[in-house]
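Asks: Below are the structure tokens for one structure; questions will follow.
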Amino acid sequence: MRMKEDIFEIFVNGEIIYGIWHKAICGHSPNLRSKPAIIMLHGWTGYRTGPHDMLVKIARSLTQQGYDCFRFDFRGRGYSQGDCRKTNYRSMLEDLDAVLQHVIHILEFSQIVLAGFSAGAKLAICYARNGNQSVKHVIEMSSPTLRQNKVETKLSGGEIQKQPFGKFHGRMLLIHGEKDPETQPALEQIHELLQRYQIPSDTHIVENGNHNFYSIEWENGIIELISNWLEEK
């Protein structure tokens, strides 16, 4: 499978979000969108590459398997426009919603998987719970605890669905490092939330892993894990 990487841009409230679209190329033609598009969400202080370019490596690996992947900078981060001092979970949810609308309604991908790291993982769970667009699956890596700033109630339109997870009917993959001090409290909250709403999930603990998975062995193991999990689902 060949790939092509293009820059894309989206306007949100008069500011531009910049990102990279990893296109899967089948022969001489683009992928016919037979597989879900993967939207990747970076952490709070990071940008679209993720720590040690981990999101880049995951995206390129998945694109070689036929998945189109999208990485972007939230406003106020990386190359995207916006005041970094004004970036918060609400603005990040607005950005994610705008990217999803573009990928679904303009690029015509019918299925979406959110793959988030750290604050981006927390955002992915919250969007699956209350977001405006349908999400097939969520891949959550190193999410912090969920209830900080009551982010789960803050959506771009200022409203939430009456039924939590009303547009999510898939499965979640939870990936955490054994040595990350946030792993236990975060997973307790996530498991309780998913059990309450009967959302199926798979949990993987990276042995001796830290929050950012700073090891080639951990990184490669996570890439293989995500690849196999997506193919099974």
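The values are calculated or read from the model by the stated rules, or taken from the named source; none is laboratory data. All of these numbers come straight from a predicted model, not from anything done at the bench. Here Cβ is always computed from backbone atoms with ideal geometry, including for glycine, and neighbour counts include all displayed protein chains.
Asks: When segment 55-81 is examined, which residues are found to be more than 13 Å from the chain's Cα centre (by Cα) and among the hydrophobic types (A, V, I, L, M, F, W, C)?
Replies: Of the residues in segment 55-81, the ones more than 13 Å from the chain's Cα centre (by Cα) are 57, 60-68, 75-81.
Within segment 55-81, L62 is the sole residue that qualifies.
Asks: Condition test on R129, is it modelled with pLDDT under 95, buried (at least 24 other Cβ atoms within 10 Å of the Cβ) and either of a type in the set (S, T, N, Q) or closer than 26 Å to P200 by Cα (or both)? I'd like the intermediate steps shown before the answer.
Replies: Working: modelled with pLDDT under 95: yes; buried (at least 24 other Cβ atoms within 10 Å of the Cβ): yes; either of a type in the set (S, T, N, Q) or closer than 26 Å to P200 by Cα (or both): yes.
Yes, satisfied.
Asks: Please indicate, with yes or no, whether at least one residue in segment 62-71 is more than 17 Å from M141 (Cβ to Cβ), touching a helix residue (DSSP H, G or I) at 6+ places or on another chain (Cβ under 8 Å) and at pLDDT 90 or above. Talk me through it step by step, then tell me what you get.
Replies: At the first step, the residues of segment 62-71 found to be more than 17 Å from M141 (Cβ to Cβ) are 63-66, 68.
Those still in the list that are touching a helix residue (DSSP H, G or I) at 6+ places or on another chain (Cβ under 8 Å) too: 65.
Now drop any that are not at pLDDT 90 or above, which leaves 65.
Yes; the residues of segment 62-71 include at least one that is more than 17 Å from M141 (Cβ to Cβ), touching a helix residue (DSSP H, G or I) at 6+ places or on another chain (Cβ under 8 Å) and at pLDDT 90 or above.
Asks: Could you check, for segment 192-203, whether at least one of its residues is without any contact (Cβ under 8 Å) to a residue 40 or more places away in the chain and more than 18 Å from K122 (Cα to Cα)?
Replies: yes
Asks: Sort out which residues of segment 192-218 are surrounded by 15 or more Cβ atoms within 10 Å (Cβ to Cβ) and in a helix (DSSP H, G or I), and write them in order of number.
Replies: Of everything in segment 192-218, those that are surrounded by 15 or more Cβ atoms within 10 Å (Cβ to Cβ) and in a helix (DSSP H, G or I) turn out to be L193, L194, W218.
Asks: Scan (1) part of a strand (DSSP E or B); (2) of a type in the set (S, T, Y); (3) free of Cβ contacts under 8 Å to residues at least 60 places away in the same chain for the single condition Y18 breaks and write down its number.
Replies: Against the list (1) part of a strand (DSSP E or B); (2) of a type in the set (S, T, Y); (3) free of Cβ contacts under 8 Å to residues at least 60 places away in the same chain, Y18 comes up short only on (3).
Asks: Could you tell me which numbered condition S34 fails, if it satisfies all but one of (1) under 21 Å from Q111 (Cα atoms); (2) of a type in the set (S, T, Y); (3) in contact (Cβ under 8 Å) with a residue 60 or more places away in the chain?
Replies: For S34, the failing item is (3).
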